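The values are calculated or read from the model by the stated rules, or taken from the named source; none is laboratory data. Computed from a prediction, not measured in an experiment: that's the story for all the values here. Cβ atoms come from the backbone with ideal geometry, glycine included; neighbour counts cover every protein chain shown.
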Amino acid sequence: MNSLHVHFVDITVNLGPDKQSATVRLTATADLPGDKVPEVQELELRFRNLDRDWLISRVETVKTLR
């Protein structure tokens, strides 16, 4: 694979009540070489604030209704 283009759209950020965690829901689209139709996946990411850096602590796929 020579290249991979990933786009993140429909991003929603919810800051936790402790202001040290956040949940982000988004849609990722990946353009794979040779494929005419992009791969699409909804994701939920959980972040933790550690020493002023927001680090990803968990990534889950979201099941969609199709």
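Of all residues in the range 1-37, which are in contact (Cβ under 8 Å) with a residue 12 or more places away in the chain and in a loop (DSSP other than H, G, I, E, B)? Selection gives MET1, ASN2, SER3, LEU4, LYS19, GLN20, LEU32, PRO33. Summed over the range 44-65, the residues that are in a strand (DSSP E or B), within 15 Å of LYS19 (Cβ to Cβ) and not aliphatic (A, V, I, L, M) give a count of 6. In the set (1) over 15 Å from the mean Cα position of the chain (by Cα); (2) modelled with pLDDT of 95 or more; (3) among the polar types (S, T, N, Q), the condition left unmet by SER57 is number (1). Is at least one residue of the range 32-42 within 20 Å of HIS5 (Cβ to Cβ), surrounded by 10 or more Cβ atoms within 10 Å (Cβ to Cβ) and within 10 Å of the chain's Cα centre (by Cα)? Yes, because at least one residue in the range 32-42 is within 20 Å of HIS5 (Cβ to Cβ), surrounded by 10 or more Cβ atoms within 10 Å (Cβ to Cβ) and within 10 Å of the chain's Cα centre (by Cα). Suppose the filter is exposed (fewer than 13 other Cβ atoms within 10 Å of the Cβ) and on the phi < 0 side of the Ramachandran plot; does ASP51 pass it? It is false that ASP51 is exposed (fewer than 13 other Cβ atoms within 10 Å of the Cβ) and on the phi < 0 side of the Ramachandran plot.
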